[in-house]
1. Can you give me the number of residues within the range 412-432 that are out of contact with any helix residue (DSSP H, G or I) (no Cβ under 6 Å at 6 or more places or on another chain) and hydrophobic (A, V, I, L, M, F, W, C)?
2. In the range 600-619, which residues are buried (at least 18 other Cβ atoms within 10 Å of the Cβ), without any contact (Cβ under 8 Å) to a residue 60 or more places away in the chain and either part of a loop (DSSP other than H, G, I, E, B) or more than 40 Å from the chain's Cα centre (by Cα) (or both)?
3. If S267 meets every condition in (1) open to solvent by 50 Å² or more (accessible area, probe 1.4 Å); (2) at pLDDT 65 or above; (3) over 27 Å from Q335 (Cα atoms) apart from one, which number is that one?
4. Among the residues of the range 570-599, which ones are part of a helix (DSSP H, G or I) and basic (K, R)?
5. Can you tell me how many residues within the range 301-332 are open to solvent by less than 30 Å² (accessible area, probe 1.4 Å) and among the polar types (S, T, N, Q)?
6. Would you be able to tell me the number of residues in the range 333-342 that are open to solvent by 70 Å² or more (accessible area, probe 1.4 Å) and either touching a Phe, Trp or Tyr at 6+ places or on another chain (Cβ under 7 Å) or assigned to a helix (DSSP H, G or I) (or both)?
7. Can you tell me which residue among R221, R195, R225 is open to solvent by 30 Å² or more (accessible area, probe 1.4 Å) and closer than 19 Å to V163 by Cβ?
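The values are calculated or read from the model by the stated rules, or taken from the named source; none is laboratory data. For clarity, every value in this text was computed on a predicted model and none was experimentally measured. Neighbour counts are summed over all protein chains in view; Cβ atoms, including those assigned to glycine, are modelled from backbone coordinates with ideal geometry. Just so you know, the surface numbers come from the protein's heavy atoms only, side chains and all, with ligands and any DNA or RNA stripped out. Shrake-Rupley method; radii C 1.70, N 1.55, O 1.52, S 1.80 Å.
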Amino acid sequence: ALGAAQRGLRDRLIQLPRTTKQLLMLFADAVGFLGCVVLVAWVHLLDASQPRELLFLAAGTLVAAHLLARFLGFYHSIVRYLGMGLLMAGAQVGAGSAVVLAGLAWLTGMTTMPFRLAVVYGAFCSFYLVGSRYIAQYFLVRNSANFQNVIIYGAGAAGARVVQAMQGNPVFAPVAFVDDDRAMFDKRVCGLLVRAREDLPWLIKKFDVSHVLLAMPSISRRERREVIESLEPLPVHVQTVPNIDDLISGKAQVEDIREVDVEDLLSRAPVAPDESLMQATLLDKSVLVTGAGGSIGSELCRQILRIRPQTLVLFELSEVALYTIDKELRSIAAQLGIECRIVPLLGSVQDEARVREVMQHFGVHTVYHAAAYKHVPLVEQNLIEGVCNNVLGTLRTARAARDTGVETFVLVSTDKAVSPTSIMGASKRFAELVLQALQERSDSTHFVMVRFGNVLESSGSVVPLFREQIRRGGPVTVTHPEIIRYFMTIPEAAQLVIQAGGMAQGGEVFVLDMGEPVKIRDLAARMIKLMGFAVKDADDPDGDIEISFTGLRPAEKLYEELLIGENVAGTEHPRIMRAREDYLTRDEINPLLDELQLAARTVDRKGVRDVLLRAVREYEPSNGIDDLLWDENEPAVAAAETSKVVTIDPAAASRKKTGSSET
């Protein structure tokens, strides 16, 4: 009841008009300053038989203190958000008004020691100003219904900065530090006691802690993972300050608190990039990235820009995505002083004339082909568009690269291309076969493919979906209890793709080491726990958030693979392998490409899928045709319509020849 009354009073005070709040503060300060004068007069045994002089002394000091406080912004500040600057401002008001008091006392002859009088009054006044504000702040903040106590894990510079940034925060209040450095135990940082990791359960219970903030931006990922694993069983929401790279680059501030990075949950330590491989196809080169606004494409652009190419061409179908990445890259270039020509171009990889013109105009040396439709269910539901973009788009872009003398062409592929069960996976494998066939007749352009699994936080990734579902209170949806996936961070994937391109000799399939596979159910459970909730299941029916199993989606696999066959060898990079796999010759693939283009042009969805089945021998679909516009009678209708066009238009034969997909 008392807590509710306090919160009610707090809410009424906060809702008062601004002018009323200022008048209340002026009145409180008048009483406070007057009390300080009376106290210092009592301490110094000033002559009480001179009431007129004492009144003059008090009035003069009161006016001086009010004017100084007003000048320094005390009556224009929001008490709830006063920070460390309050200490300096309080000292200035105390010192200034103390000088006035000492001067007046000396002029009236009430003291022969004005300096001592000034020191004592200045201390009293400063203590009153700072203390009264902190007491008011404590009352206004601590009585918030949403107020939560937090523990800072890491008592170093980052932890101290976090505590300072939280001064007056209406939601969070730090109550203790935890650190693994024994030399810090039982010491105080920013007024908070530093305890050991083993004390966390006791601290959480004692202070009713809801959050633990990780303020350890410079420790290794292995050490960070150990800390996070120790926090998982505790009933707290674990969050973190940004990593040291983001702090150094200026991309983030130490007080930018966010959720724990999911890569910290993976048993995978990053490998420093090989700078010679990073620079091999980029330094002082003209580089083109297709799909530049996508998850992988945009990160490729960020990594490439830092290697300082001569020109970076951003080729993207989406206007919004192109605008966003162009703006970001220009900001990075300006911040780091990078001189690079950044060229944002709208266009489709299926428009061969447009792609060829771009490559010729900018003298492109290196192409990273990241433009693809990759969401398995969506490609199943939009069959022709997915196949045309992934297969014919790759063909036309690669042909343009060969014809314009591009030195290196790198295809960003996927583990779903191995033993595919989906249209998306089969189309990406077909795209790999296209490049391998093109390499047969190309001596100047090196075509290579880089195959890897899922990347964390990409569009369509389960991680942002899980996070949003947890924030909404669940349930968290997983397709199958046993489904597993390989995961890699977007920056690491982009770095490895670039380094694989630096090793290109032509025709290789590079496979990235994805580490250990992750069971999606376990990933969901860990995310739930780290966000401060309990998993609701048979073992804990009173838990907070349930994991719901929805069943495998059409064409989805339980397990993903990275290799076709066993013919794989290492490279000079420990995370990149070189695979030797069977492929189709130029003479074998050309008829299939022509059939594919004809089926797409006649809107023959079954025909498109039949071509995929013949081209990709490992393709074993687990479902029928799930295209949202699929009609079992459409091939016959489409073929009839095409024959009418051919009969009417005598130029159709020449158009067909021009539109040939021959590699």
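1. Qualifying residue count, the range 412-432: 1.
2. T602, D604, G607 - these are the residues of the range 600-619 that are buried (at least 18 other Cβ atoms within 10 Å of the Cβ), without any contact (Cβ under 8 Å) to a residue 60 or more places away in the chain and either part of a loop (DSSP other than H, G, I, E, B) or more than 40 Å from the chain's Cα centre (by Cα) (or both).
3. Evaluating S267 over (1) open to solvent by 50 Å² or more (accessible area, probe 1.4 Å); (2) at pLDDT 65 or above; (3) over 27 Å from Q335 (Cα atoms) leaves (2) as the failure.
4. Filtering the range 570-599 down to residues part of a helix (DSSP H, G or I) leaves 586-599.
R586 - this is the single residue of the range 570-599 that is part of a helix (DSSP H, G or I) and basic (K, R).
5. So the answer is 2.
6. Qualifying residue count, the range 333-342: 3.
7. None of the other options fit; the residue is R195.
For (1) touching a residue at least 40 places away in the same chain (Cβ under 8 Å); (2) of a type in the set (D, E); (3) within 16 Å of A400 (Cα to Cα), each residue gets a yes or a no:
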residue: A333; (1), (2), (3): no, no, no
residue: V355; (1), (2), (3): yes, no, yes
residue: H361; (1), (2), (3): no, no, yes
residue: H375; (1), (2), (3): yes, no, no
residue: V379; (1), (2), (3): yes, no, no
